[in-house]
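> One structure, pasted below without further comment.
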Amino acid sequence: MFDRLRWQLLLSYLSVFTAILGVFAIAVRLVFGYSLRQSLSQELVILAEVAATHAEIQHNRLIVGDEFTNGSLALPDRKFEWFDRQQRLVDKVGNLNVNLPLNINVPVQFNKYPEQKPDETISAVVPIISHDDRQQIGYVRITQSLESLDRTFHQLDIGLISGMIISLAISSGAGIWLTRRAMKPAIASYQQLQQFTADAAHELRSPLMAVKTNANTALKYPDGIRAGDLKKFNAIASATEQIITLTEDLLLLARSEKDCSSDKLRQIDRAIEQIDLSSLLEQIATTYHAQFDVKSLELDLNIQSNLAIRGYISSLDRQAMPLIGRVFINLIENAIHYTPSGGKISILAHQIERQVEIRIIDTGVGIATNDLERIFDRFWRGDRSRTRWAGGSGLGLAIAKSIVEQHQGSIDVQSKLGEGSQFIVRLPAIFSAS
Ligand SMILES: Nc1ncnc2c1ncn2[C@@H]1O[C@H](COP(=O)(O)OP(=O)(O)OP(=O)(O)O)[C@@H](O)[C@H]1O
Ligand SMILES: [Mg+2]
């Protein structure tokens, strides 16, 4: 129970942390991307302005100085173009192989070419102003491939993703440690409570037995009891019987909890032995024949022979049988209680690979889908008006689940309201059935 809670806590903690990291990484990526593009735009505008100073009008023609065309500013992924006032290309420097129409209205522009390489460029256009009369004599356009910027982004992405993975790995470790620490007090107080229940149930058994014996002894001689008191004695005997059943159920439940450490309970001998499951199931089914007849229920018994498991034998169990027997008793009692007269109950048991699978199927009232996840909770009982006639305490399935888990098995339920239920118990088999 606590393991599941711990994993749920860890998972929620990690989901929140991953979401925060994700938002952080996206923010870093956006801010970094924006500022890189901004600074590149500014750099290009400055370069274009420098390039503009190298052009001048000679004999009514725009001429670009040689010293620039040989300069180191012209990188292979960059291109300078000079245009005259009529926007005709006059000169160019650089190997970048892209052709764009000149757009003098947008100073900095990003261009995409999905079909070719580079697939994205940035270009900046600045006017060329004459040194002599401050008149506009043309334009310079500088275009640069964004491949190197993309490489930077790619490296940034790798850095961010690796950072996220490393942080998640570290925080998973820290999360496991933290949840373990956080759960410790809860586990300790739960164990205390469990121990209290077990001890209280254990201590209650003797006085309750005394009340029961006294009430029954008195009832043996009804002549000595006043007429009006007979009813009261009967009520005492039946109520005591109910409390004894409840305390035994509580004790059994406490004992079948994995980490039960009560001194009282440790005294109880709980040997592990090979159990002939086929005989056990047949024996249990036989004890209910009378009840099947009373309710006119049809019984379909289909039990493979020689099914064997390893299980606990308990000296405390009221029915003096392997602990696992209680699981089938509870399931069969439920099937009988919750199946109206004339219905059918099937008990099937087979070995499937390394597991023994036992199915208790009834054609009874069924369980609402919403209730299915709660039926194994302690003291949970279905619709009171529906189950009133089967006056139990709601511990039967909780006990069954706890015992099955103690035997390294599992218990599942399938049910449809008004059609019936099917409980499936799976336990590790110890050898192949012949
Ligand atoms: N075979 C079934 N068909 C329909 N409902 C069922 C069946 N088995 C269990 N339930 C529902 O699940 C609830 C819990 O079952 P559980 O056996 O734990 O308690 P209970 O039978 O009410 O009391 P007890 O402690 O005496 O077993 C029941 O009250 C009932 O509503
Ligand atoms: Mg029950």
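The values are calculated or read from the model by the stated rules, or taken from the named source; none is laboratory data. Everything numeric here is computed off the predicted structure, so don't read it as measured data. Positions of Cβ are backbone-derived with ideal geometry, glycine not excepted, and every protein chain shown enters the neighbour counts. Side chains included, ligands, DNA and RNA excluded: accessible areas come from the protein's heavy atoms. Shrake-Rupley method; radii C 1.70, N 1.55, O 1.52, S 1.80 Å.
> For the range 66-79, does any single residue satisfy the condition of being touching an Asp or Glu at 6+ places or on another chain (Cβ under 9 Å), part of a strand (DSSP E or B) and touching a residue at least 40 places away in the same chain (Cβ under 8 Å)?
Initially, the range 66-79 is screened for residues touching an Asp or Glu at 6+ places or on another chain (Cβ under 9 Å), giving 69, 77.
Narrowing further to those that are part of a strand (DSSP E or B): none.
Checking the range 66-79: not a single residue is touching an Asp or Glu at 6+ places or on another chain (Cβ under 9 Å), part of a strand (DSSP E or B) and touching a residue at least 40 places away in the same chain (Cβ under 8 Å).
> Tell me, please, whether a residue that is within 18 Å of LEU280 (Cα to Cα), in contact (Cβ under 8 Å) with a residue 40 or more places away in the chain, within 9 Å of ligand 1 (Cβ to nearest atom) and among the hydrophobic types (A, V, I, L, M, F, W, C) can be found in the range 312-331.
yes
> Return the pairs, sorted by first residue and then second, in which the second residue is within 15 Å of ligand 1 (Cβ to nearest atom) and modelled with pLDDT of 90 or more, the first residue lies in the range 397-412 and is closer than 15 Å to ARG378 by Cα and open to solvent by 40 Å² or more (accessible area, probe 1.4 Å), the beta carbons are less than 6 Å apart, and the residues are 6+ apart or on different chains.
LYS401/PHE376; LYS401/ILE411
Condition check ((1) over 27 Å from PHE153 (Cβ atoms); (2) part of a loop (DSSP other than H, G, I, E, B)) across all residues:
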position: ARG6; (1), (2): yes, no
position: SER12; (1), (2): yes, no
position: ALA19; (1), (2): no, no
position: VAL31; (1), (2): no, no
position: GLN42; (1), (2): no, no
position: GLU56; (1), (2): yes, no
position: ILE63; (1), (2): yes, no
position: PHE83; (1), (2): yes, no
position: LEU100; (1), (2): no, yes
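> Give the number of residues within the range 10-51 that are closer than 30 Å to LYS401 by Cβ and open to solvent by less than 80 Å² (accessible area, probe 1.4 Å).
Residues of the range 10-51 that are closer than 30 Å to LYS401 by Cβ, as a first pass: 10-15.
If we keep only those that are open to solvent by less than 80 Å² (accessible area, probe 1.4 Å) as well, we get 10, 12, 14-15.
The total comes to 4.
> Test of understanding: among LEU168, LEU208, LEU178, LEU193, which residue is over 30 Å from ARG4 (Cα atoms), out of contact with any strand residue (DSSP E or B) (no Cβ under 7 Å at 6 or more places or on another chain) and part of a helix (DSSP H, G or I)? Even if it seems obvious, please write down each step before you answer.
Details: LEU168 fails: over 30 Å from ARG4 (Cα atoms); LEU178 fails: over 30 Å from ARG4 (Cα atoms); LEU193 fails: over 30 Å from ARG4 (Cα atoms).
Exactly one residue qualifies, and that residue is LEU208.
> So for the range 311-332 (the condition being within 21 Å of GLY418 (Cβ to Cβ), in contact with a Leu (Cβ under 7 Å, 6 or more places away or on another chain) and either among the polar types (S, T, N, Q) or modelled with pLDDT of 95 or more (or both)), does at least one residue qualify?
No.
> Okay, moving on. Just wondering, is there one or more residues in the range 352-365 that are of a type in the set (Ser, Thr, Tyr), on the phi < 0 side of the Ramachandran plot and surrounded by fewer than 16 Cβ atoms within 10 Å (Cβ to Cβ)?
At the first step, the residues of the range 352-365 found to be of a type in the set (Ser, Thr, Tyr) are 363.
Now restrict to residues that are on the phi < 0 side of the Ramachandran plot: 363.
When the remaining residues are screened for being surrounded by fewer than 16 Cβ atoms within 10 Å (Cβ to Cβ), the result is none.
No, the range 352-365 contains no residue that is of a type in the set (Ser, Thr, Tyr), on the phi < 0 side of the Ramachandran plot and surrounded by fewer than 16 Cβ atoms within 10 Å (Cβ to Cβ).
> Condition (residue is in contact with a Leu (Cβ under 9 Å, 6 or more places away or on another chain) and in a loop (DSSP other than H, G, I, E, B)) applied to the range 133-154: is it met by at least one residue?
Yes: the range 133-154 contains one or more residues that are in contact with a Leu (Cβ under 9 Å, 6 or more places away or on another chain) and in a loop (DSSP other than H, G, I, E, B).
So that you can scan it fast, the table gives a plain yes or no per residue for (1) modelled with pLDDT under 90; (2) under 19 Å from THR339 (Cα atoms):
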| position | (1), (2) |
| --- | --- |
| ASP362 | no, yes |
| GLY366 | no, yes |
| ARG386 | yes, yes |
| LEU397 | no, yes |
| LYS416 | no, yes |
| ILE424 | no, yes |
| ALA429 | no, no |
